[in-house]
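Below: the structure, in structure tokens.
The values are calculated or read from the model by the stated rules, or taken from the named source; none is laboratory data. The model shown is predicted, which means the values in this text are computed figures rather than measured ones. When we count neighbours, we look across all protein chains shown, and the Cβ atoms used for this are built from the backbone with ideal geometry, even at glycine. Heads up: the accessible areas ignore ligands, DNA and RNA and are worked out on the full protein's heavy atoms, side chains in. Shrake-Rupley method; radii C 1.70, N 1.55, O 1.52, S 1.80 Å.
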Amino acid sequence: MSMATKQTLPAAAHREKVSLQRQTKHSELTGLLRTLVTGLQPGDRLPAQDELMRRYQVSDRTVLRSLEDLQRAGWIVRRPGSGTYVTDPRDRVVNVFDSPTRSLTQSRTIAALAPHFFAASYLRLCADTLSARAESANLSLVCHANPIDNLQVIETLRPLGFVLFSYPMAGIAEQLIARGHRAVVVGSPPAGVDPTVPCVFADHEIGGHMAARHLLDLGHRRIAFAFDSQMRYPYRQHPRWAGHQQAIRETRETGEPVSESVIDADMLAAWRKDATLAAAYFRQTEAPTGITVWNDGAAIILLGILNRARLRVPEDISVIGFDALPEGTDTIPPLTTVDQHVSWQMQTTVRLLTRSVPPPAQAVIA
């Protein structure tokens, strides 16, 4: 099964058009400000934004863009509520303003960062796909797990950009962007949360709806939602759960009764140790006959549990996973899953990191 995807970047496209129209004034101001900075000492404070607008007769947007250029190159540091200050010359990138569209780094490397809790099998799929996309763009890829302690060391490589897997790493992305790096988060925020950093993710609400709809269309009326311990925030806050619930509501609105339940990480762990517990659970009259699982890793584990419990899939119970991991093709039976188009996401990520201007602050690919 495939998850429908859509790209929503009209605001970004508009900003790119504006930047091309104003490129001459912007690049001229960047050069003037760089000259101003070279005449100051490290730690000196630059004039306020209003003063720069008056002195150079430019708009606030032009001033902000030029200050951002200087900050990305390490010439200045901006401290909210305090001002803009000159940095140590040793921290600067030289010769990056010769062309307004030239990359602010000479590196051809993308740094991918993953948290310790990230699912190993899904990370491997993402990393392999990202590596292939990077190679096709004549780039290299380095991956780091648990990067918090050595983030500054990674920064010294001055990579072309950072890819951060999982939305809980958005805070690190904000820090990197504030220090002048390009950074893109691959991962969905909780339902109702607007990303504050560039994000790439599939439409998980549609994916959750598709998974539950598949089971309902097969005739199942006792549906369970199963999740594992790798979820970083309550499942009820995830768009995938919202899509799952929407499919159930749609069926109930037709007059069809649907019962729903949840299989949590503790239940899966207990069943994994003792499959007879799973057998007893599914022998109950109201036990679910169709299960949507949080990801393929947990779904593959569940298939093994059901096999040991002598429950047949799909004759007794239907199972659908999420992610389209290659390992799902080797299970018995092969795992039915929702494909969130990892290849497309990685292609979009590389495109955002290599475009002539940094990704817009709230770019969202959904």
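In terms of packing, defined here as the mean over residues of other Cβ atoms within 10 angstrom, the peptides 269-280, 119-130 line up highest first as 119-130, 269-280. Per residue, the accessible area of segment 176-282 comes to 44 Å², computed with a 1.4 Å probe over protein heavy atoms only.
Taking amide H as placed 1.01 Å from N in the peptide plane, T109 has its amide H under 5 Å from the amide H of S140, L160, each at least 5 places away in sequence or on another chain. Taking amide H as placed 1.01 Å from N in the peptide plane, V262 has its amide H under 5 Å from the amide H of F225, each at least 5 places away in sequence or on another chain. For the pair segment 255-310 and segment 187-247, the centres of their Cα atoms are 18 angstrom apart.
Quick one: net charge around G297, please, counting Lys, Arg +1 and Asp, Glu -1 for every other residue with C-beta under 14 Å from its C-beta. Value of the local net charge: -3.
Calculated FRET efficiency, R283 and D330, Cβ-Cβ r, R0 30 Å, to nearest 0.05? Computed FRET efficiency for R283 and D330: 0.55.
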